[in-house]
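Q: So that we are looking at the same thing, I have put the structure below in structure tokens.
The values are calculated or read from the model by the stated rules, or taken from the named source; none is laboratory data. What you see is a predicted model; the values in this text were computed from it and never measured. Don't worry about glycine lacking a Cβ; one is built from the backbone with ideal geometry, like all the others, and counts go over all protein chains shown. These area figures cover heavy atoms from the full protein model, side chains too; ligands, DNA and RNA do not enter into them. Shrake-Rupley method; radii C 1.70, N 1.55, O 1.52, S 1.80 Å.
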Amino acid sequence: MDWLQAISLGLGAYLLGSLPTGYLVVRLAKGIDIRQVGTKNVGALNTYQQVGVWGGLLVLFVDAGKGAMAVLAPEWLGAPEWVLFLTTPLVVVGHNWTVFLRFRGGKGAASIFGISLALVLVPTVITLAPVALVIFLTRNVVTGAAVGFVFLNVMLVVTGQGAVQIALCASLTVMVVITYTVSIREQLLSAVKARQWRGLFNRLP
């Protein structure tokens, strides 16, 4: 595969990720701009908060599907594994900074979930159990997602997954952590200054 084909796949991944599912669902369901309500995040969680379970699940399913396609499309086209280091970050970048909404989007967790399902199905499915337990106990999706990312990366190493899978999941985890931390930096600084350690995660959108 030449570089032109690889770049085309990367551009396609970005544009696919840029499709603003949450924005479209909330706009069609309630006629409002999701960027102006709730956490103002164009993702599954804010969609759920605005239109209910069906909307949140729909956005989660579609955004995860976009992530999975960033893995499956290069495989179907016979591209070498290194192309995944181009397509998978770019589909997340498209989701987080979509060209269709003036580069405002989500946080990338759903897209990374889809990437993980397509890349390492069994470890990802196993990870859902502790994630569900943490969300049930804490009533906080952010905390559950954080536990899920950590648990998945540990599982990949323990179960002896390939270097490509481990490197991809680790790099994407770092990417979503940085994106999320930057987006809620003001809440974090406020909580730290007030020394509200126990309520820190409850302050996060």
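Q: Return the distance in nm (one decimal) between the two label points of a simple spin-label model at TRP3 and VAL177, each offset 7 Å from Cα along Cα→Cβ.
A: Spacing of the two 7 Å Cα→Cβ label points: 3.2 nm.
Q: In square angstrom, what is the accessible area per residue of the chain with a 1.4 angstrom probe?
A: On the way: 10990 Å² over 205 residues.
So the chain comes to 54 Å² accessible per residue, rounded to a whole number.
Q: Then there's this: For the full complex of protein chains and a 1.4 angstrom probe, list ASP2, ASP63, ASP33 by accessible area with the highest value first.
A: So, going from the largest accessible area down, we get ASP2, ASP33, ASP63.
Q: Is the shape of the stretch 1-113 best called rounded, prolate or oblate, per the rule: a/c under 1.5 gives rounded, else a/b larger than b/c gives prolate, else oblate, with a ≥ b ≥ c the square roots of the Cα gyration tensor eigenvalues?
A: prolate
Q: Classify the chain: rounded, prolate or oblate, from the alpha-carbon gyration tensor (a ≥ b ≥ c, eigenvalue square roots; a/c under 1.5 rounded; otherwise prolate if a/b is larger than b/c)?
A: oblate
Q: Over the chain, what relative contact order in percent results from Cα pairs under 8 Å that are six or more residues apart?
A: Across the chain, relative contact order equals 19 percent.
Q: Treat every Asp and Glu Cβ in the chain as -1 and every Lys and Arg Cβ as +1, leave all other atoms uncharged, and give the resulting dipole magnitude about the Cα centre to the nearest 20 debye.
A: It works out to roughly 1040 debye.
Q: Obtain the nm distance between the two label points defined at LEU11 and ARG102 by a simple spin-label model: each point lies 7 Å from its Cα along the Cα-to-C-beta direction.
A: 2.6
Q: While we're on this one: For the chain, what % of the accessible area comes from carbon and sulfur atoms, probe 1.4 Å?
A: With neighbouring chains kept in place, the figure for the chain is 70 percent.
Q: Continuing with the same structure: If the label point is 7 Å along Cα→Cβ of VAL164, which residues in the stretch 115-153 have backbone nitrogen under 20 Å from it?
A: Output list for this probe position: 115-125, 153.
Q: Can you sort ILE32, ILE115 by 1.4 Å-probe accessible area, starting with the largest? Working shown, then result.
A: Details: ILE32 50, ILE115 5 Å².
From most exposed to least exposed: ILE32, ILE115.
Q: Please identify, among LEU11, LEU84, LEU28, the residue showing maximal mean-square fluctuation in a Gaussian network model of the chain using a 10 angstrom Cα cutoff.
A: Ranking LEU11, LEU84, LEU28 by mean-square fluctuation puts LEU28 first.
Q: Over the heavy atoms of PHE100, what accessible area does a 1.4 Å probe trace out, to the nearest 10 Å²?
A: Counting only protein heavy atoms, PHE100 exposes about 110 Å² to solvent.
Q: Tell me the trypsin sites (Lys or Arg not before Pro) within the stretch 37-116 that lie in a loop according to DSSP and have at most 11 other beta-carbon atoms within 10 Å.
A: Numbers: sites: LYS40, LYS66, ARG102, ARG104, LYS107; in loops: LYS40, ARG102, ARG104, LYS107.
Answer in residue order: ARG102.
Q: Moving on. Can you sort PHE103, PHE113 by solvent-accessible area, 1.4 Å probe, largest first?
A: I get PHE103, PHE113, largest accessible area first.
Q: Need the C-alpha centroid separation for the stretch 147-171 versus the stretch 24-99, integer Å.
A: Answer, in whole Å: 22.
Q: Only helices at least 20 Å long along their axis, Cα-based, and averaging 0.5 or more on Kyte-Doolittle count here, so list those DSSP H runs from the chain.
A: Qualifying helices: 3-18, 53-76, 121-138, 141-158, 163-183.
Q: Could you tell me which of rounded, prolate or oblate describes the stretch 46-163, using a ≥ b ≥ c as the square roots of the eigenvalues of the alpha-carbon gyration tensor, with rounded for a/c under 1.5 and, failing that, prolate when a/b is larger than b/c and oblate otherwise? Each step should come with its number before you reach the end.
A: Working: a/c = 2.05, a/b = 1.10, b/c = 1.86.
Oblate, because a/c is 1.5 or more while a/b does not exceed b/c.
Q: Something else now. For ALA110, what charge total do you get from the other residues with a beta carbon under 10 Å from its beta carbon, if Lys and Arg give +1 and Asp and Glu give -1?
A: Counting the neighbours of ALA110, the net charge comes to +1.
Q: Helix-only estimate, please: 222 nm mean residue ellipticity of the chain, summing -39500 (n - 2.57) across DSSP H runs of length 4 or more and dividing by its residues, to the nearest 500.
A: Calculated mean residue ellipticity at 222 nm is -23500 deg cm²/dmol.
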